[in-house]
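Shown next, in structure tokens, is the structure this report addresses.
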Amino acid sequence: MKEKVKMKGQLRLYLQWPLILSLLLVAANVAVGGMDVRAGMVMAVFTVVYIAIAVHLYFQKRNSLLADMVEFASEYAWVQKRLLADMMQPYAMADETGRILWMNKAFTKLTGLEKNSKKHLQSLFPEIKKEDLENQEETVSIHVSLAESRCRVDLKWVSLEDVKSVGNQLGAGAEKEKLLAVYLTDETEVIKCRQEINDQKLVAGLIYLDNYDEALESVEEVRRSLLTALVDRKINKYIYSMNGIVKKIEKDKYFFAIKQQYVEKIQENRFSILEDVKTVNIGNEMAVTLSIGMGMNGDSYNQNYEFARTAIDMALGRGGDQAVVKNGGKIQYFGGKAQQVEKTTRVKARVKAHALRELMETKDRLLIMGHKRGDIDSFGAAIGIYRIATALNKKAHIMANDYTASVKPMMDRFIGNPDYPEDMFLTSEKAAELVDANTLLVVVDVNRPSITDAPELLRMVKTIVVLDHHRQSSEIIDNAVLSYVEPYASSACEMVAEVLQYIADGIKMKSAEADAMYAGIVIDTNYFTNQTGVRTFEAAAFLRRNGADITRVRKLFRDNMEEYQAKAEAVRKAEVYRDAFAISVCPSEGLVSPTVVGAQAANDLLNINKIRASVVLTEYNGTIFVSARSIDDINVQVMMEYLGGGGHRNAAGAQMTGMTIDEAKERIKDVISQMLEKGDIT
């Protein structure tokens, strides 16, 4: 036993110090004796006595000292064991399979297990996965539920190689084994406090009346104040029910603030105020609609307000009658059932036209860009902007990377035409070489950067203008210095036609230019049957006066036999889902522009009785193109946003990859069912 107990390290050195000092004392004695023999003899006596005492203490008291140390170590180990067992931190050890081998009192109390229970971790905490137990490289943290508590489990592997005494007792090779240390932290109170703090956060909001002036004009003058009062009461009652505050900042604008704890409730109710305010009727022919923008989880109150401003702009840009919630970087949409109301006034068009002219006058060169696989509306709008630029003596170029084949007959009227320069149409690569500080980029018929014809130009050009008629989504061109987005407009060509009338006096259009813009309106409105308002016909009349020929446009866009047969086949094989939705597949083999044919087939399906919306899928180059149309109150834009697309309320689209046609059809059916359950479709 004595041989096994050996002193090491600092303790051994400490006990040997008297012997080491004896050598030093002998050397001193020799030195003193050399100077004085009598003094050396006297000192030698004391040196011998000191060495005798040191040797006695080292050899005779060593065993008793070791015994005291062993007793201290035993007591220390016992105290350490008791501390581990009584430690407030719930702690356990498990084997490599996850079976619990040992646990302290706090662990047994929190889990309710018996002391000798050998329960498996995965049966105790179902949230722990097999891969969590297999990860031996780093500490794994998992949040679990335990009865009414919320806990965090930390798993850390411990090698027995670090505990050699345990390894020696378990036998040869045991040092290579590993044990799993399990730490359990009760986070119930922390989560509760965190939730309470989160619930108390301020949510800033803005409410705009979409059609305030139009609604007032539809009611008798003496009753207008009553209509305003009733709308005010509805809004105030709604916000006060959530213990919030609301302040009217303009005749048709409100600011409100509520606690974040009420957000989930109003989202579950799908912002009931949107429908409730429509019930206000005192003889007004037009129902009042609201747009709501809310901002939350910003770094400050001011940022929440900026989020609310962004959200309300998006709600208005999507046509109004809806709520948009901007939660940090996440954006959610609610409502949007009502048809947006066309504003008969052209004040906004005139203001935007003057702003566009001021920007053009400060630049030397214009680049005009539409969306990928540009259609005739994108092309016609680009031609209109080109005419404005040339009228202002500015050099302009149109991006022509990827127009559909249906645009080619119209484009051929400009290519090789002596009235137009050879560099009128450029690829994005050549356009990028021309970009400098005096370049203006005009984006038409699209407001999503990812689907523009050349997204890289958006990062290269500092001055960007956006003109579009599609509803905005969460992805927008956020660095535009001028943005003119009107969802009620039938087409981008309609908007550009209005800008043409105000931007300068006496702009003369050539017949080919007027035809291109007129064709954009005709195709996007499906020959003036979809999304058509008073201003649509006024824009068409303006183009007719400038030389647009109806017959010439119609001849350019007639179908060939293969396209007509494919369209007829799509209509013939249409499936009616939920008694109101026509879903079909358009064949693409042998077609030059199968996506255009699919969109035309979706329009034709709306001519069938009781069909409220149609969806046609076209597979082309490994991608499934989805065209959605509606003739009723169904918002197909929201439907397509579920699939990552967007568009108009009555005309929208999306692209789907990584699935078959049958899987895509099932996905669309799931989206329709989901919208019906949520109340997005009634």
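The values are calculated or read from the model by the stated rules, or taken from the named source; none is laboratory data. From a predicted model like this one, the values you see are computed outputs, not experimental measurements. Neighbour counts are summed over all protein chains in view; Cβ atoms, including those assigned to glycine, are modelled from backbone coordinates with ideal geometry.
Return only the number of the condition from (1) over 21 Å from Lys567 (Cβ atoms); (2) in a loop (DSSP other than H, G, I, E, B); (3) hydrophobic (A, V, I, L, M, F, W, C) that Ile608 does not satisfy.
(1) is the only condition that Ile608 fails.
Give the residue, chosen from Val576, Val626, Val616, Val585, that is over 32 Å from the mean Cα position of the chain (by Cα), in contact (Cβ under 8 Å) with a residue 24 or more places away in the chain and surrounded by 14 or more Cβ atoms within 10 Å (Cβ to Cβ). Quick ask: steps written out before the conclusion?
Numbers: Val626 fails: over 32 Å from the mean Cα position of the chain (by Cα); Val616 fails: over 32 Å from the mean Cα position of the chain (by Cα); Val585 fails: over 32 Å from the mean Cα position of the chain (by Cα).
The match here is Val576.
Would you confirm whether or not the stretch 237-256 contains a residue that is in a helix (DSSP H, G or I) and in contact with a strand residue (DSSP E or B) (Cβ under 6 Å, 6 or more places away or on another chain)?
For the stretch 237-256, residues in a helix (DSSP H, G or I) and in contact with a strand residue (DSSP E or B) (Cβ under 6 Å, 6 or more places away or on another chain): present.
List pairs: first residue in the stretch 208-236 and without any contact (Cβ under 8 Å) to a residue 12 or more places away in the chain, second residue aromatic (Phe, Trp, Tyr) anywhere in the structure, Cβ distance under 9 angstrom, at least six positions apart or on different chains.
Asn236/Tyr254
At least 3 residues that are over 37 Å from the mean Cα position of the chain (by Cα) and in contact (Cβ under 8 Å) with a residue 40 or more places away in the chain in each: list the helices (runs of 4 or more DSSP H) lying fully within the stretch 373-443 that qualify.
Values: elements: 376-391, 408-411, 428-434.
Counting at least 3 such residues, we get 376-391.
If I filter the stretch 531-547 down to residues being in contact (Cβ under 8 Å) with a residue 60 or more places away in the chain and assigned to a loop (DSSP other than H, G, I, E, B), which single residue comes out as nearest to Val446 (Cα to Cα)?
So the residue we want is Gln531.
List, please: which pairs have Cβ atoms under 6 Å, are six or more places apart or on different chains, and start with a residue in the stretch 194-205 that is in contact (Cβ under 8 Å) with a residue 60 or more places away in the chain and under 17 Å from Lys326 (Cα atoms) and end with one that is among the aromatic types (Phe, Trp, Tyr) and part of a helix (DSSP H, G or I)?
That search, which allows pairs on different chains as well, returns Leu202/Tyr301; Ala204/Tyr305.
Is it true that Tyr305 is over 21 Å from the mean Cα position of the chain (by Cα), over 25 Å from Ser225 (Cα atoms), surrounded by 14 or more Cβ atoms within 10 Å (Cβ to Cβ) and of a type in the set (Phe, Trp, Tyr)?
No: the conditions fail for Tyr305.
What tally of residues in the stretch 501-530 results from selecting those that are in a loop (DSSP other than H, G, I, E, B) and of a type in the set (Val, Ile, Thr)?
3
Please specify each residue of the stretch 523-546 satisfying the condition of being among the small types (Gly, Ala, Ser) and crowded, with 16+ Cβ neighbours inside 10 Å.
Hits for the stretch 523-546 are Gly533, Ala539, Ala540.
Check whether at least one residue in the stretch 215-230 is among the aliphatic types (A, V, I, L, M), at pLDDT 90 or above and over 17 Å from Val280 (Cα atoms), and report yes or no.
No, the stretch 215-230 contains no residue that is among the aliphatic types (A, V, I, L, M), at pLDDT 90 or above and over 17 Å from Val280 (Cα atoms).
Mind counting the residues in the stretch 187-222 that are small (Gly, Ala, Ser) and not in a strand (DSSP E or B)?
Residues in the stretch 187-222 being small (Gly, Ala, Ser) and not in a strand (DSSP E or B): 2 in total.
Take the stretch 466-490 and flag every residue that is part of a loop (DSSP other than H, G, I, E, B), closer than 22 Å to Asn650 by Cβ and in contact (Cβ under 8 Å) with a residue 40 or more places away in the chain.
His469, His470, Arg471, Gln472, Ser473, Ser474, Ile476, Glu486, Pro487, Tyr488, Ala489, Ser490
Say we look at the stretch 331-379 and pick out the residues that are within 20 Å of Ile503 (Cβ to Cβ) and modelled with pLDDT under 85; which of these is surrounded by the most Cβ atoms within 10 Å (Cβ to Cβ)?
My answer is Lys343.
Those residues that are of a type in the set (Val, Ile, Thr) and modelled with pLDDT of 85 or more, I need them from the stretch 453-501; list them, please.
Those that are of a type in the set (Val, Ile, Thr) and modelled with pLDDT of 85 or more: Val461, Thr463, Ile464, Val465, Val466, Ile477, Val481, Val485, Val496, Val499.
Looking at the stretch 310-333, can you tell me whether even one residue there is hydroxyl-bearing (Ser, Thr, Tyr), assigned to a loop (DSSP other than H, G, I, E, B) and in contact with a helix residue (DSSP H, G or I) (Cβ under 9 Å, 6 or more places away or on another chain)?
No: the stretch 310-333 contains no residue that is hydroxyl-bearing (Ser, Thr, Tyr), assigned to a loop (DSSP other than H, G, I, E, B) and in contact with a helix residue (DSSP H, G or I) (Cβ under 9 Å, 6 or more places away or on another chain).
Could you tell me which of the residues Glu214, Glu268, Glu264 is acidic (Asp, Glu) and more than 31 Å from the chain's Cα centre (by Cα)?
Only one candidate qualifies: Glu214.
Return the residue satisfying two criteria in turn: it lies in the stretch 548-577 and is at pLDDT 90 or above and assigned to a loop (DSSP other than H, G, I, E, B), and of such residues it is nearest to Lys610 (Cα to Cα).
Ranking the candidates gives Ala574 first.
Could you list, in sequence order, the residues of the stretch 631-657 that are of a type in the set (D, E, K, R) and under 13 Å from Gly319 (Cα atoms)?
Arg649 - this is the single residue of the stretch 631-657 that is of a type in the set (D, E, K, R) and under 13 Å from Gly319 (Cα atoms).
Name the single residue that is surrounded by the fewest Cβ atoms within 10 Å (Cβ to Cβ) among those in the stretch 588-613 being under 18 Å from Ile624 (Cα atoms) and of a type in the set (A, V, I, L, M, F, W, C).
Selected residue: Val592.
Which numbered condition trips up Leu591, out of (1) in a helix (DSSP H, G or I); (2) not assigned by TED's automatic domain parsing to the domain that holds Thr463?
Checking Leu591 against (1) in a helix (DSSP H, G or I); (2) not assigned by TED's automatic domain parsing to the domain that holds Thr463, the one that fails is (1).
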